[in-house]
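Below is one structure; the comments refer to it alone.
Bear in mind these aren't lab numbers, they're just calculated from the coordinates by the rules spelled out. Note that the coordinates shown come from a computational prediction; the quantities given were computed from them, not determined experimentally. FYI the Cβ positions are ideal-geometry reconstructions off the backbone, even for glycines, and counts take in every protein chain you see.
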Amino acid sequence: MEASTKTQRELEMIERQIEQLQSVAGENQEARTRLQKLQEQVSTLRQQLHSHMDAWQKTELARHAQRPYTLDYIERVFTDWSEIHGDRFFGDDPALICGIARFHGKEVVVLGHQKGRDIKTRVYRNFGQANPEGYRKSLRVMKFAEKFNRPIFTFIDTPGAYPGLGAEERGQAEAIARSLREMARLKVPIITTITGEGGSGGALAIAVADRILMLENTVYSVISPEGCASIMWRDSTKRDVAAQALRITPKDLMQLGCIDEIISEPPGGAHSDHDAAAMLLNQALQKHFEELQKLPAQQLTENRYQKFRKMAQYFTEE
């Protein structure tokens, strides 16, 4: 932890030097050469920093305010995006967006959590925490996808479903449970990507998929590290210990059989280069999309069922 903190401080210092040089470099060849060397040093330090990050540090990076959100990826990976609003029961939920689009020319459905970048949009998006109407809207759109044989892409970045009184009164648990059940039965390909933090049932509600992918600096867990620490030790400051015990990183989840691929991020993380992050994501999505397109509907649903049955199995020697 101390070595990582030292590397982070060194990285921040060099980045400040780069900002200063960029403002004065101009046509000065000596300054430009120095700038290039500093940028190479930053790239090396970022790689060192990311290779030694523990589970809590990955959690912090997954929550970085400048990481790309669902709409950022839609803008860069899909075309002809058209958003769909409302659950035809209560209202619309800006925390969970849904719509139709094209992926490499093929008609698809896209849905995912959306956070905000400033106070106003964060409040509007409810910090990415969906209400029951969000999950009912997403299920309505997924049923539409099945009816018209459109593959489904879901993107997860939420601390969890909204736990407020109104959400509970409107049937939060029922909405999530119904989404889990119906997604398991859908006869179209489903690809889920965790792009930030995947928290509890709020994430799983749109993650019963044929392929589950995670960007390398993301987390996926039944509870937040702070929540776990508060329950287990009555002390939320032990969040780093809880994060390690929960096994929430992509590497851990790959070993447990909970995910299918870890997608690399650009140096410094997805927040440092949205375009590069989208390009890497696009390549992974295209590969899995082409594989799933070849499977008949009955095999898709059977494979999906077996996939979730086999997750996190343990065998002991007699």
task = Taking the Cβ of Phe89 as the centre, find all other residues whose Cβ is under 13 Å away and add up their charges (Lys, Arg: +1; Asp, Glu: -1).
result = +1
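Can you give the FRET efficiency for Thr121 and Ala177, using 1/(1 + (r/R0)^6), R0 = 30 Å, r = Cβ-Cβ distance, to the nearest 0.05? Walk me through the intermediate numbers first.
Details: r = 30 Å, r/R0 = 0.99.
The pair Thr121/Ala177 has a calculated efficiency of 0.50.
For the stretch 60-114, state which trypsin sites (Lys or Arg not before Pro) are in a DSSP loop and have at most 14 other beta carbons lying within 10 Å of their beta carbon. Please list the in-between numbers first.
Working: sites: Arg63, Arg76, Arg88, Arg102, Lys106; in loops: Arg63, Arg88.
Those satisfying the criteria are Arg88.
Please go through the stretch 213-318 and write out the chymotrypsin sites (Phe, Trp or Tyr not before Pro) that DSSP classes as loop and that have at most 16 other C-beta atoms within 10 Å.
Numbers: sites: Tyr220, Trp233, Phe289, Tyr305, Phe308, Tyr314, Phe315; in loops: Trp233, Tyr314, Phe315.
Sites meeting the loop and neighbour criteria: Trp233, Tyr314, Phe315.
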